[in-house]
Amino acid sequence: MILNFTVNGKKVAIEAEEDTNLLEVLRDKLSLTGTKCGCSVGKCGVCMVLFNGASVQACLIKGKKMEGAEVLTIEGLGTEKEPHPLQVAFLEYGAVQCGFCTPAMLLTAKALLDRNPHPTEEEIRQALKRVLCRCTGYVPIIKAIQAVAEG
Amino acid sequence: MDSKGNSEKKKDLTCVGKSVRRVDGWPKVLGKAKYTADHSFEGMLFAAVKRADFPHARIKSIDVEGAQLPGVEAIMLEEDIPGNPRFGALNPHQPVIISDIVRYLGDGIALVAAKSEKIAREAAKRIVVSYEELPGLFDPREARKSELSIHPEGNEIVHHVLRKGEVSEGFAAADVVLERDYQTQFQEHAYLEPEAAVAVPQPDGGITVYGSMQHPFSTRRVVARVLGLPLAKVRVIQGELGGGFGGKDESSSIVCARAALLALKTGKPVKLVNTREESFVESYKRHPYYLHYKVGAKKDGTLTAMEIEIVADGGAYASMSTFVTWRSVVQATGPYTVPNVKTDVYAYHTNNTYTGAFRGFGSPQIVYASESLMDELAAELKISPAEIRKKNFYQQGGETATGQTLKHVVSLEPALDAVLAELNKKPLEQNANPVFSRGRGFACSYRGVALGAEGVDATGAVVNLLEDGSAIVSTGVAENGQGLRTVFSQIVSEELGIPLEKIVFLDCDTSSIADGGPSVASRCTIMGGNAVRHACLQLKERLNLSEQPDLQKAIKATLNAGKSLYAFGWHNAPKVSWDEHTGQGDAYFTYVYACQGVEVEVNNQTGETKVLRAVAAHDVGMALNPQQVELQIYGGVTMGAGYGLTEEVILEKGVTKNPNFNGYHIPDSRMIGEIVPIIIENPDAAGPFGAKTIGEPTCELLAPAIANAILQATGARVRTIPATPARVLHAMQKEGAPA
């Protein structure tokens, strides 16, 4: 089947099978490799993208669900010249180590701040619980998000 | 914590000692950093592996007929391997794929390359193997006694001894003698990037392998051996690494070797990426330990003797068991002066998943046991946990269990005092709800830096200064996500007076720099940092910077004189020694000291334990980048909390029962309420700018600190980790504590 949807503001038409998931589409068909694969069962969260504005594990979105959707991946979040404030804060606070969860953390944080611009620490921790990080102990990621929320 | 002199010395530095941003941060926040699985090549094939169906069995036949699907381009068995099909750093008995006997469920039997991953996996599924099932061994204590032998050379991998004084005399002189047993689990590294490799055949018959590995040179050794190629024809390029934690050595070499085999066979690029389940089943874990401690002490707490026996589960293959357990035999007493010590550490083969290097490397197990023991002994003697430790701490000028005199500053007491001051800043307040009990606990450790007497410890670095004053730096140790590119760039910036923006770190490519040994043992900063410094010092001499301080003019003059501005620095670790018959010697050239404390809250009805607050004080010699040091502390403390509370690979008769994150729980963002890092600096003569190490000590202390805190909260002692709700409840019921 052909799936029509929008990725990072661009319309795409992708030929895919029923059981193809969004992660495969992004990585294999669109060469958007910034979205990572860590477990394929929706438990590690490193494939988190913004799907119609909400943070969702791309490996859990299959087939027809993609039709008509608006998807934002890390490649669409910002550039070095025009970065998203979260990208700058992540660098400033040392929220990046190996970097494998970083795209997912950034998008999860963006989804949180989009719906709740001034979250409490508890709300940040709740939002981040769907993305695992093995390097940072989460502390600098939380600090970076707080810094952006406080402007 | 700086001594005054040190602070002043630090003030003169322009780049080292500062929390500069990561030099490799931008590609990572933009999603542009290329991890191995992100590489693609024209005409690339995808690989899959057929693995064992039994943990111990003789293979009778392998039928690949049904796997010849359209799109399959190669199927390989052991007999198709052009080189040596077995590898291993110490005992080369681990198969890349095997055709006679499988020894654990991760063993590979056949390799498939196909036009798509889906076809490759389907074909692998259709390979039919018939077996004669063999009886298995799944407990190292059984393997110790069993007549059944998993390998022709027997089940014992290693037996390390340490003998100091005479323990019988020490126990006779003691007022109290205590014996305790502790047990630890299989822990999974759980790097978020599963193992991956892309192998690309080269026109000269050689191969280039992009891989997710910590040690490109170990991988090169394995790939060349398996392919039967000279090392020079195998080029290994490290992809951006999505976490390693000691886990991407053999686990990665085997994936790279398999991809390379298929690539040479088909003449096409081949990508092989493990699923998370395959990663859990195939890759090595942290060794489970069974530890028996007997300790004698005087009424005032002075230790008189310690007798320790440890049995480790090495699993199916030898891997690094000998080295991992060697660190345990050196450090098993904990950082305490004990005049009489007898330690025996054994590792045995089983048909479980094999075990190997994991951040901490044989220390988290013994620190958990010995630091639980110190609290148990203190309670028996009715003195405080801090008092018994202070009474026995190693001192500068004192002697360790291995007979080594500690010549550097031993900062155990300042670390302990710093943690207690922070932890007890506020008095312990109980939750108003009586279902919850709170308690505090702590643990202390010392840790040998770098490889020690495990083997030769040396590494190199290239600093290539260019005519415009920019520089390219590369080193024989590799970026593993820990921040090595940044710290080494800082050293070059400091030494040559070049801004960081003009320094490019060239990632490890085995064909362009000397084998610098593995990126393990928290040795990168101290070893690689020294090598970078050596290279810079050569350049400074050639540039004659003392007489011509203007770098640009100096560069011009040097080049005009026909001299090169390409320098290779090589650093050899200071001398160490070891007598394997007595376990005596200068095991490591220097040590680091640390203390971590914790406040926990236990639910008395469910046994669930929450970490409310953790405090971690580490002597790092000198923090070359304080922010990066703090990051290591945050990450290590969190990993230690997982080790102490939630993480356990459940193996039943060799079968992994929880091979993904829905059954294996690493800490998430809610695991620890607050982490307070405390950096202590006592510059060490052996380190670049006095720096020692930080990566591993951070994750070896929280499990015992938690166990000690659970005891304070509930009165119950958990002697097996992780301290799951069931184990905590069980211990509470045994102690008759309120449930």
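Coordinate-derived values only; no laboratory data. Since the structure is predicted, the reported quantities are computational estimates derived from the model, not experimental observations. Positions of Cβ are backbone-derived with ideal geometry, glycine not excepted, and every protein chain shown enters the neighbour counts.
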Between rounded, prolate and oblate, where does the protein assembly as shown land on the alpha carbon gyration tensor, with a ≥ b ≥ c its root eigenvalues, rounded for a/c under 1.5, else prolate if a/b exceeds b/c? rounded
Averaged over its residues, how many other protein chain Cβ atoms are within 10 Å of peptide B:20-27's Cβ atoms? 5
What do you get for Rg/Rh over the stretch A:85-149 if you use C-alpha atoms and the Kirkwood form of Rh? 0.90
Dimensionless Rg over Rh [the stretch B:160-273; C-alpha; Kirkwood]: 1.34
Have a look at the DSSP beta bridges in the protein assembly as shown and tell me what percent are antiparallel, nearest 5. 75 percent
Relative to the Cα centre, what is the charge dipole magnitude of the protein assembly as shown, using +1 at the beta carbon of each Lys and Arg, -1 at the beta carbon of each Asp and Glu, and rounding to the nearest 20 debye? 900 debye
Rounded to 5, the percent of DSSP beta bridges in chain B classed as antiparallel: 75 percent
Please compute the modelled spin-label separation between A:Arg115 and B:Ser168, points set 7 Å along Cα→Cβ, answer in nm with one decimal. 7.2 nm
With labels modelled as points extended 7 Å from the Cα through the Cβ direction, what inter-label distance (nm, one decimal) is found for B:Glu380 paired with B:His292? 1.5 nm
Would you pull out the residues with amide H under 5 Å of A:Thr20's amide H, same chain only if 5 or more places away, H placed 1.01 Å from N? A:Gly63
Pull up the DSSP beta bridges for the stretch B:613-694 and report the antiparallel fraction as a percent, rounded to 5. 25 percent
What's the exposure ranking of A:Lys36, B:Lys299, going from fewest to most Cβ atoms within 10 Å? B:Lys299, A:Lys36
Multiply the residue gap between B:Ala726 and B:Asp80 by 0.36 nm, knock off their C-alpha separation, and tell me the result in nm, one decimal place. 227.6 nm
Over the whole of B:630-641, what's the average partner chain Cβ count within 10 Å per residue? Rounded to a whole number, please. 5
In a shell of Cβ-Cβ distance under 10 Å around B:Ala713, excluding B:Ala713 itself, what net charge do Lys and Arg (+1) and Asp and Glu (-1) give? 0
Here the net charge surrounding B:Ala617, from other residues whose Cβ is less than 9 Å away from its Cβ (Lys, Arg +1; Asp, Glu -1), is -3
One finds, for B:Ser19 and B:Val435 with R0 = 45 angstrom and r their Cβ-Cβ distance, a FRET efficiency to the nearest 0.05 of 0.60
Per residue of the stretch B:506-519, what does 6.51 cos²θ - 1.76 cosθ + 1.60 with θ = phi - 60° give for ³J(HN,Hα)? Whole Hz please, x for Gly and Pro, Karplus curve as stated. 8, 5, 4, 10, 4, 8, 10, 8, 5, 4, x, x, x, 8
Which residues among the stretch B:661-704 fall inside the zone where the amide N is under 18 Å from a point 7 Å beyond the Cα of B:Leu428, along Cα→Cβ? B:673-674, B:702-704
Rank these for me by crowding, B:Val64, B:Val29, B:Val473, going from fewest to most other beta carbons within 10 Å. B:Val64, B:Val473, B:Val29
Hz values of 3J(HN,Hα) by residue in the stretch B:100-106 - Karplus curve (6.51, -1.76, 1.60), Gly and Pro given as x: 10, 10, 8, 10, 7, 6, x
Which of B:Glu132, B:Glu494 has the fewest other C-beta atoms within 10 Å, and how do the rest follow up to the most? B:Glu132, B:Glu494
In debye to the nearest 20, how big a dipole does chain B give about its Cα centre with +1 on each Lys and Arg Cβ and -1 on each Asp and Glu Cβ? 940 debye
Just to check I understand the Karplus step: with θ = phi - 60° and J = 6.51 cos²θ - 1.76 cosθ + 1.60, what whole-Hz values come out for the stretch B:19-26, glycine and proline as x? 7, 6, 5, 4, 6, 10, x, 4
Averaged over the residues of A:31-38, the number of partner chain Cβ atoms within 10 Å of each residue's own Cβ comes to 6
Please identify which residues in the stretch B:272-296 have an amide N closer than 11 Å to a label point set 7 Å out from the Cα of B:Lys734, following the Cα→Cβ vector. none
Any idea which of B:His93, B:Gly83, B:Pro70 is furthest toward the positive side of the dipole for the stretch B:60-102, if Lys and Arg beta-carbons carry +1 and Asp and Glu beta-carbons -1? B:His93
Quick query: amide H of B:Ile109 versus all other amide H atoms, modeled in the peptide plane; which residues come in under 5 Å with a sequence gap of 5 or more or a different chain? B:Lys50, B:Arg51, B:Ala52, B:Ile98
If R0 = 51 Å, then B:Arg670 and B:Asn572, at their Cβ-Cβ distance, give a FRET efficiency to the nearest 0.05 of 0.65
Ranked highest first by the average count of other Cβ atoms within 10 Å around their residues, in what order do A:70-83, B:516-529 fall? B:516-529, A:70-83
What's the local net charge at B:Gly483, with K and R +1, D and E -1, over the other residues with C-beta under 9 Å away? 0
Going by amide H atoms built from the backbone, whose H comes under 5 Å of the H on B:Phe87, apart from near neighbours? B:His93, B:Gln94, B:Val96
When a/c is below 1.5 the answer is rounded, else prolate if a/b is larger than b/c, else oblate, so apply that to chain B with a ≥ b ≥ c taken from the square roots of the Cα gyration tensor eigenvalues. oblate
